[in-house]
1. Residue by residue through the range 179-202, note down the ones that are crowded, with 18+ Cβ neighbours inside 10 Å, in contact with a Leu (Cβ under 7 Å, 6 or more places away or on another chain) and part of a helix (DSSP H, G or I).
2. If you check LEU3, LEU20, which single one turns out to be within 21 Å of ASP89 (Cβ to Cβ), in contact with a helix residue (DSSP H, G or I) (Cβ under 9 Å, 6 or more places away or on another chain) and exposed (fewer than 14 other Cβ atoms within 10 Å of the Cβ)?
3. What is the residue count in the range 155-209 for residues that are touching a residue at least 12 places away in the same chain (Cβ under 8 Å) and either closer than 24 Å to GLU131 by Cα or in contact with a Lys or Arg (Cβ under 9 Å, 6 or more places away or on another chain) (or both)?
4. Hey, PRO121 hits all of (1) touching a residue at least 24 places away in the same chain (Cβ under 8 Å); (2) under 15 Å from PRO32 (Cβ atoms) but one; which does it fall short on?
5. Based on this model, can you work out whether TYR104 counts as closer than 30 Å to LYS168 by Cβ and aromatic (Phe, Trp, Tyr)?
6. If I ask for residues that are more than 11 Å from ASP56 (Cα to Cα) and free of Cβ contacts under 8 Å to residues at least 12 places away in the same chain, which ones from the range 68-97 would you list?
7. Of (1) crowded, with 16+ Cβ neighbours inside 10 Å; (2) free of Cβ contacts under 8 Å to residues at least 40 places away in the same chain, LYS236 satisfies all except one. Which?
8. Only residues in the range 37-50 that are over 17 Å from ILE192 (Cα atoms) and touching a residue at least 60 places away in the same chain (Cβ under 8 Å) count as the first member; pair them with residues that are of a type outside the set (Gly, Ala, Ser) and in a strand (DSSP E or B), Cβ under 8 angstrom, at least 6 apart or cross-chain, and list the lot.
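Where a number appears in this text, it was derived from the coordinates with a stated rule and is not lab data. Here the structure is a predicted model, which is why all the values come from computation and not from measurement. Note that each Cβ is placed from the backbone with ideal geometry, even for glycine, and that neighbours are counted across all protein chains shown.
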Amino acid sequence: MNLLEQAINDYQMPEAARNLLHEHPSLNIAGPTGAGKGTMAQHLTQTGNYVPVVSDTTRAKRATGNGFEVNGVHYWFIDDETGLKKLSDGEYIEAKLVHGDTLYGTTITSYKRVVDSGRTPILEIDIQGMEDLMAAAPDFEAILLLPPSFEIWEQRIDGRGDMDLEQKVRRFKTALVEYQKPIENKNFFPVINTEVLDTAEIIISGEYREEAYRQKALALAVELHDATEAFLNNHK
């Protein structure tokens, strides 16, 4: 186990972070690949009331359509030594290790920067990160975006043309766990992502909290889970 992995495993959310989340709740968006998380976050940002929190990462910048990712826009790009110091100083709300060697983390400073602007922070992190935050801050909640059907979801993923069958199976295995979350954890609120404008209104208005809506979305989560499981059974 390397130093970064050990530091992340030992990390505990500081009280300052817990208070920040409680006093200034974020809009938290999770969901499987192809559910539309990035598009939804972008649309909500354009309303002027929400801003994604820019996370730290120790990975290298990646190429984009216009060059390379921009520091402070896509991520804050840091080295391992800086990450270790931030962990030691208790600067993260949450931090995790991806692929065994890369830190991704949300700092208190980045979160406060959005709060101080008068807008609501958007956290777009994975299911495990959401559950870690729920464990540390019991009133923490997250939206789980769902595609409107398994067929549309698969078409979206296949339409990207950026993954082979092996990669698709791996993503579907992850999605199987994600579709299960709102069924077993009441702090995950399923939201059906049909059209961006309509779905955004459901999120902004809080309609997704109504029991009738939740039951409809939970029924879809079960359908998506079962269809994904059937796909995986056919591609063992």
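1. Across the range 179-202, the qualifying residues are TYR179, LYS181, PRO182, ALA200.
2. Selected residue: LEU3, the only one of LEU3, LEU20 that is within 21 Å of ASP89 (Cβ to Cβ), in contact with a helix residue (DSSP H, G or I) (Cβ under 9 Å, 6 or more places away or on another chain) and exposed (fewer than 14 other Cβ atoms within 10 Å of the Cβ).
3. 29
4. (2)
5. Here the answer is yes, as TYR104 does meet what is asked.
6. Those that are more than 11 Å from ASP56 (Cα to Cα) and free of Cβ contacts under 8 Å to residues at least 12 places away in the same chain: PHE68, GLU69, VAL70, GLU81, LYS85, ASP89.
7. (1)
8. Pairs found: THR45/VAL51; THR45/PRO52; THR45/ILE122; ASN49/THR120; TYR50/LEU27; TYR50/THR120; TYR50/PRO121; TYR50/ILE122.
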